[in-house]
Amino acid sequence: MSWGTELWDQFDNLEKHTQWGIEVLEKYIKFVKERTEIEINYAKQLRNLSKKYQTKKNSKEEEESKYTSCKAFQNTLNEMSDYAGQHEVISENMSSQIMTELIRFVQELKQERKSNFHEGRKAQQHIETCWKQLESSKRRFERDCKEADRAQQHFEKMDADINVTKADVEKARQQAQIRHQMSDDSKGDYSSVLQKFNREQNEHYHTHMPSIFQKLQDMEEKRIARLGESLKMYAEIDRQVIPIIGKCLDGITKSAESINEKQDSQTVIEAFKSGFEPPGDVDFEDFTQSIKRTVSDTSLTNTKADGKTDPKTPGKSRGKLWPFIKKNKGATPEDFSNLPPEQRRKKLQQKVDELNKDIQKEIDQRDALTKMRDVYLKNPQMGDAGSVGQKLIEIGNNIEKLRVEVQKFESWLAEVEGRLPVRNDSSRRQSGLYETQNTVPVNNCAQDRESSPDGSYTEDQSQETEVKVTPTEFDDDFDDEEPLPTIGTCKALYPFDGENEGTISVSEGEILKVIEEDKGDGWTRIRRSEEEEGYVPTSYIEVYLDKNAKGAKTYI
């Protein structure tokens, strides 16, 4: 099938059809463009979503990342970031491999179409001109024939009329001959023009126009084929990223399978284990003996001896079943003595590991500088060995200082590991006092102890027994201190829930009093009223310290 033979008379319709074909291609280009925008926006939203839930550095979430479930979630977020990257690849490939190429192809197609139809119109104008010439020659021949016929009739009429002179008859005969000659000439010219037109018309409809229509047909078929190739490419671009997306999803599945609930439970134990032994049985104290005895000086004396009412005896401990740690209101001690034994051991071990890493870094740097110094000694033109030697001395001093620090922390660690408490005897259980490696009374009630922002532990006063006991000298060390003075004010930049014990909730824009500034642990102690005070993250507030307040630092 050929347009040149089948559609020889459909020039105008073919012009409209080819224009429609180009519009279809441009419509597809617009579709691909909108798809690329959707993909890039989707990738951007996925990345923002993944970034929003990523663990923030130096935050509580970073500490929680040690749990396998949290690690799996973080791995899922990382995989989603890679997943988003594949949608960016889809957008980029569709833009470069489909859109850019099709836009260039459409421009070429428009130019080719314009050239072909210009040539077709030119051919049509030529055949129309030939037709007009034929019509003009035909009309002239017709007119000359009629004039010759009239001249012949006039001659015959004059020749038959006896009243007409011979001269007039001769004149009419000559006029008739002239008209006949003109008719013959017109006939020959018409015949020549007709033959030329038929030849031109034959070439127009069988050579020129079929050739143009064939070019248009090839152009249209090329457009259709290119659209088909682009659709295949559209699917292939998606298919190319499926393996990588599958790997991302496999990574998420693998992360989910890596969750170990038993390991997380053990991690909770390691994170909160205090190292204390649970209390033993409380001995029964028989108060009926004093009733059976006769009241006398001797019995009173015996009562004091047997009833354990000696003021020096820590009787208050019978009212509290657990020892407790007094809240450390200052900075965390260097040896972490404010922590329970097990937590202290972990902190000391962590510090030793960090110092050993620092020592190894210094040693590696020293080795590298030693090699550099040897090179400078052999080739002085490459550098000054003296400057390297000075740096080596500084590194040596740093290593020595770090080793001293390691020894100090290792000694504390050895002390903790060698003196972790064991189950106490009945006399200690009866008094409720346990000795730790620092001989500090510790509240061993796990459910009543919460970690405060400064790393120390507090007791829940609501858990204390209501039994009234005789005050002892031991109580004097744990009396509540005087309320801390106000050292400035602060404004809450963000709302804070304050759900943990020792913290306080604040609202955005709220003005509160500062009673203890940040000690380097990221928390500031504030007060709303005499009954409401606690810690809030320093980054959540804007502090205005009173320079004249006692203990306040001067900020420049």
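The values are calculated or read from the model by the stated rules, or taken from the named source; none is laboratory data. A quick note: this is a predicted structure, and the numbers were derived from the prediction, not measured. Glycine also receives a Cβ, built like all others from the backbone with ideal geometry; neighbour counts cover every protein chain displayed. For the accessible areas, the whole protein counts, side chains as well, though only heavy atoms, and no ligand, DNA or RNA atoms are used. Shrake-Rupley method; radii C 1.70, N 1.55, O 1.52, S 1.80 Å.
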Q | Selection from segment 362-408 of residues that are modelled with pLDDT under 85 and within 30 Å of GLU342 (Cα to Cα) | A | LYS408
**Q.** Odd one out for VAL89 among (1) under 17 Å from the mean Cα position of the chain (by Cα); (2) closer than 30 Å to GLY228 by Cα; (3) open to solvent by less than 40 Å² (accessible area, probe 1.4 Å)
**A.** (3)
Q. In segment 378-423, which residues are surrounded by 13 or more Cβ atoms within 10 Å (Cβ to Cβ), aliphatic (A, V, I, L, M) and part of a helix (DSSP H, G or I)?
A. ALA385, VAL388, LEU392, ILE395, ILE399, LEU402, VAL406, LEU413, VAL416
Q | Flag for ARG150 being farther than 30 Å from ILE237 by Cβ and surrounded by fewer than 19 Cβ atoms within 10 Å (Cβ to Cβ) | A | yes
Q.
Can you confirm whether SER95 is open to solvent by 30 Å² or more (accessible area, probe 1.4 Å), farther than 30 Å from PHE213 by Cα and small (Gly, Ala, Ser)?
A. yes
Q) Given the residues ASP480, ASP521, which is the only one that is part of a loop (DSSP other than H, G, I, E, B), open to solvent by 40 Å² or more (accessible area, probe 1.4 Å) and at pLDDT 55 or above? A) ASP521
Q. Within segment 110-123, can one find any residue that is among the aliphatic types (A, V, I, L, M) and either more than 37 Å from the chain's Cα centre (by Cα) or open to solvent by 90 Å² or more (accessible area, probe 1.4 Å) (or both)?
A. yes
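Let's see how each residue does on (1) over 30 Å from LEU134 (Cβ atoms); (2) more than 60 Å from the chain's Cα centre (by Cα); (3) not in a helix (DSSP H, G or I):
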site: GLY188; (1), (2), (3): no, yes, no
site: THR207; (1), (2), (3): no, yes, no
site: PRO210; (1), (2), (3): no, no, no
site: GLU229; (1), (2), (3): yes, no, no
site: TYR234; (1), (2), (3): yes, no, no
site: ILE237; (1), (2), (3): yes, no, no
Q. Modelled with pLDDT of 90 or more, acidic (Asp, Glu), assigned to a helix (DSSP H, G or I) and exposed (fewer than 15 other Cβ atoms within 10 Å of the Cβ), is that true of GLU270?
A. no
Q. For segment 1-65, which fully contained helices (runs of 4 or more DSSP H) count at least 3 residues that are among the polar types (S, T, N, Q), open to solvent by less than 50 Å² (accessible area, probe 1.4 Å) and in contact (Cβ under 8 Å) with a residue 12 or more places away in the chain?
A. 11-52
Q: Would you mind telling me which numbered condition in (1) free of Cβ contacts under 8 Å to residues at least 24 places away in the same chain; (2) open to solvent by less than 80 Å² (accessible area, probe 1.4 Å) ILE127 fails?
A: (1)
